[in-house]
Structures are given as structure tokens and as C-alpha cells.
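*Asks:* Below you will find the structure I want to go over with you.
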Amino acid sequence: MLRYGWVDETTTAFTQMARSNSSDRRVASLCCEVRRLDERREEDDGLSDTWRHELEAIREQAMASLALASDSKALNDWRVEVLGKKSALGQMSKAMGGLTPEDRRVLGEALNRIRQELEQAWRSRQAEIEAKEKALRLERERIDVTLPGRHVPLGAMHPISRVIEEIEDIFVSLGFSVVEGPEVETDHYNFELLNIPKDHPARDMQDTFYLTDEWLLRTHTSPMQVRTMERMRGRTPIRVIVPGRVYRRDEDDATHSHQFTQIEGLVVDEGIRMSDLKGTLEAFAKALFGPSQRVRLRPSYFPFTEPSCEVDLVCVSCGGSGCRMCKGTGWIEILGAGMVHPRVLDMSGYDSARYTGFAFGLGAERIAMLRYGISDIRMLYQNDLRFLRQFRHA
Ligand code: 2NL
């Protein structure tokens, strides 16, 4: 049982109860008892000595610990501890329900005063700490703007990519569209629809990378042109170029790679003639290698064109007078072409009695080698930075 009347003892008990978050009811009744038994020394605020002492003790302790809080975390903890629901002040506010109206008013006002005072102290301490932390942060994050910058190595566009983009630009300016498609194709699209017979050597296991009996790595970009004709469902004109990687089983040497970049072109419309093929390719040669270029057509054979031809360029090395590069002929072969075989047109839904077309194909590597004077195709795939860096500003 508690004994009352002794201010120190009751105050201690009261404080402990309030701080230890014990039952609100007990704290409240304790408040009442203390209030009743204490000799009242009424002042303007009507507080008893017990309360005054108690609140003063809380205030002093709070101010002392606030002075010790030295960072924003400690400051936050302080706020919870001193002003939060579970704090002595919080508990007292909560316990006030058990007081008489008069006591409630008196204690309530006192609690408000002390709360406001502590909050004010908290705010100015917070401003101090914020300023201190900001100054620390600025000091820590200080940078020397006069230091030299870090070197960012500049990349270069790969010569093959440059050739592809350049050729695309030329044909787009002639009214062509650019189409791309899958590198894994079916025997049907890669060979059958291109009039390449079952016994043609290209279809041999020795010459093509087969994935299964039906699926393979495309040996040319032609299947995508066939797909374009199918997608157009007999509508004209068709004017497309198709750049992309193609694969052929072959020994690599200075001029052959088992994987290379082909760019094929296809035009289908009524009345397309060999002269359209020659004029287009001559415009292309001039755009790519200069206005004095000319082309020469020599007869050749492809299963998917009839007639077929090889197309030569005036030798870029000697200008036509004959040198080692053109083996004294003055001409350099750059692509293969021809009039689309009627069977290919018919199989893709274009009546060969009404429509004609021309097609061509070239290797982007070969063009890059002629353009930049590269003697070995393998240099284009070895990713040697000493080689690649030469294309940075060219
Ligand atoms: C080459 C030679 C050529 C074609 C490709 C072609 C495509 C269709 C129909 C007819 Cl869909 N022809 N393409 C024609 C002639 C030659 O490529 O690539 N030399 C490296």
C-alpha cells in the first residue's frame, strides 16, 4: 500500500509509473491522491508543488538529454521518448481522464506549456543539427572542379556497319525499302522457293549449316525477299534491299568467310527490264565509288535468275588501266545479279506472264575491303583494336 503525503516518495512512484508505461488508471488515481493530500500552494497557474516539481523534473531531464542529442537520429529518438505517446508527458495526458474538471484544466494547461516549450527547444536544436550535418556533408562531398576529366575512349562504327548504312542510304534515295529477317530459315524458303534443285551442291551438307533436316542457317538473304513477295500478295511495285548475316560451310581464307554480310536487292513490277537493272546498279556504283564509275555486265549463272550476270566496277586501284589488284583487266567484280527467274515469281504469287523483276546480291565485306583497302576479310572479324581504331575519324 502506498503512503501519501511525502512529496518525494509519491513523486518518485508517480514518475516511475508514468515512465514505465504502467496502467493508466493507476497513474490517474495516483495523480488524484497526490493532489488531494498535498497542501495546496495555489499560484496563478493553480499547480500543486508536487506537480510543479514533477513537471520541472521532466522538463529539466528532457532539456539535458536534448543537449546531448548530436545527430538527426538521436533527435528523432528524443522526440519519441519525450513527446511521444509512451513518454511521461504522454502518459500523464492520457491519465488526465480520471481527474476532476478543475484539475484537468490546471494540469492540461501546464502540460501544454511544457510540451510547447520542449517542442520549441526541439525545433531549434534540429535547426542547429541540420546546419551542422549539411556543413559536414558539403565538406565530405567537396570536389575539385579543376581536376582534369576522365578520358572516355571513343568507339568507332565497324566498317561493315558503315558500308551497310551507306548502301541503305543510296537505295532508299532510289525508292527502295530496307527489310530484315531471320538467320535461321527453312529449306523451303532458302532453297525450294528460289528454284535451287534438290541435287544442287549448295543444298549439300558440305555447303550448308543444317540445324535439322528442315531448318538451317540461311545461305543468302533471298528467303526474306521471297517472304516480302508473299507478304505483298501480288501487289506492285516491290523495291526492297535486305541486308543480313548469311552462312556457308567453307574454309576461311583472305577473301572467304563461313559467315558474311550479304545485301540483296529485289525489284518486281510490270515491264522491268535488264536496262533497269544496269541503270540502277550504275547509279549505285557512282554513289558509292564516285561519279566517274561505270559498270560492266558479264554473263553468269544463278538458279534464281535468268539471265544472270556478274557486275564489274572500274578498278578502284588503277582507275581502269590495269594493275595487280584487277589482274590487268581494269575491272573489279562487285556483285551478282539477274532477271528474277519466272519460276521464282510464280512460286511467290507473281504471274510471270505479267510481271518481271531484277535482283542482285553483294557481300558487304567485299565492298568494305575495296573502300578501305583491307587485304584480308578476317581482319573484319578479329576485333583487333589497332585495326578498328582506324575507323574512328575516317
Ligand atoms: C551474291 C549474288 C545474287 C540474287 C542474289 C535473288 C533473290 C530473289 C530472286 C532472284 Cl528473291 N534473285 N537474289 C540474284 C542474283 C545474285 O547474289 O550474293 N553474290 C555475293
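*Asks:* Non-local amide H neighbours of residue 331 (under 5 Å, H modeled in plane, Pro and chain starts lacking H): which ones?
*Replies:* When sequence neighbours closer than 5 places are left aside, the close amide H contacts are 315.
*Asks:* Right, something else. Using Cβ contacts closer than 10 Å as the measure, can you line up 102, 166 from fewest to most? Each step should come with its number before you reach the end.
*Replies:* Details: 102 10, 166 15.
Listed from fewest to most nearby Cβ atoms, that is 102, 166.
*Asks:* I'd like the per residue volume of the convex hull spanned by the Cα atoms of the chain, given in cubic angstrom. It would help to have the intermediate numbers written out before the result.
*Replies:* Numbers: hull volume 126.8 nm³, N = 394.
Cα-based convex hull of the chain, divided per residue, equals 322 Å³.
*Asks:* What does the net charge come to around residue 371 if you take all other residues with beta carbon closer than 10 Å to its beta carbon, with K and R at +1 and D and E at -1?
*Replies:* Around residue 371, the charge tally is +1.
*Asks:* Residue 86: which lysines have alpha carbons under 25 Å from its alpha carbon, excluding same-chain residues fewer than 8 sequence positions away?
*Replies:* 73, 94
*Asks:* At a Cα cut-off below 13 Å, give the aspartates and glutamates reachable from residue 278, other chains included and same-chain residues fewer than 8 away excluded.
*Replies:* 310, 312
*Asks:* While we're looking at this one, here's another question. Run the simple label-point estimate for residue 198 and residue 300 please: 7 Å along Cα→C-beta, distance reported in nm.
*Replies:* 2.9
*Asks:* Jot down the radius of gyration and Dmax of segment 233-346, Cα atoms only, both in angstrom.
*Replies:* 15.8, 48
*Asks:* Return the sequence-ordered ³J(HN,Hα) values of segment 78-85 in whole Hz as given by the Karplus equation 6.51 cos²θ - 1.76 cosθ + 1.60 applied to θ = phi - 60°, using x for Gly and Pro.
*Replies:* 4, 4, 5, 5, 9, 10, x, 4
*Asks:* While we're here: Assuming 0.36 nm per residue, please report the length gained on full extension of the stretch residue 93 to residue 72 beyond their Cα-Cα distance.
*Replies:* 4.9 nm
*Asks:* Now for a different question. Counting only helical runs of four or more DSSP H residues, what would the 222 nm mean residue ellipticity of the chain come to if each run contributes -39,500 (n - 2.57) and the total is spread over all its residues?
*Replies:* Helices in the chain give a 222 nm mean residue ellipticity of -14000 deg cm²/dmol.
*Asks:* Also, quick follow-up: Percentage of Cα-Cα pair distances in segment 350-394 greater than 17 Å, rounded to whole percent?
*Replies:* Summing the P(r) of segment 350-394 above 17 Å gives 50 percent of all pairs.
*Asks:* With a 10 Å cut-off between alpha carbons and a GNM built on the chain, which of 145, 179, 267 moves the most?
*Replies:* 145
*Asks:* Nearest-5 percent of antiparallel DSSP beta bridges in the chain?
*Replies:* Just about 95 percent of them are antiparallel.
*Asks:* Under 14 Å between alpha carbons, and skipping anything fewer than 8 positions from residue 134 in its own chain: which aspartates and glutamates qualify?
*Replies:* Filter leaves 71.
Quick note: the coordinates plus some simple rules give every number you see, no bench work behind them. Everything numeric in this text was worked out from a predicted model, so none of it was measured. No Cβ is skipped: glycine too gets one built from the backbone with ideal geometry, and neighbour counts run over all protein chains shown.
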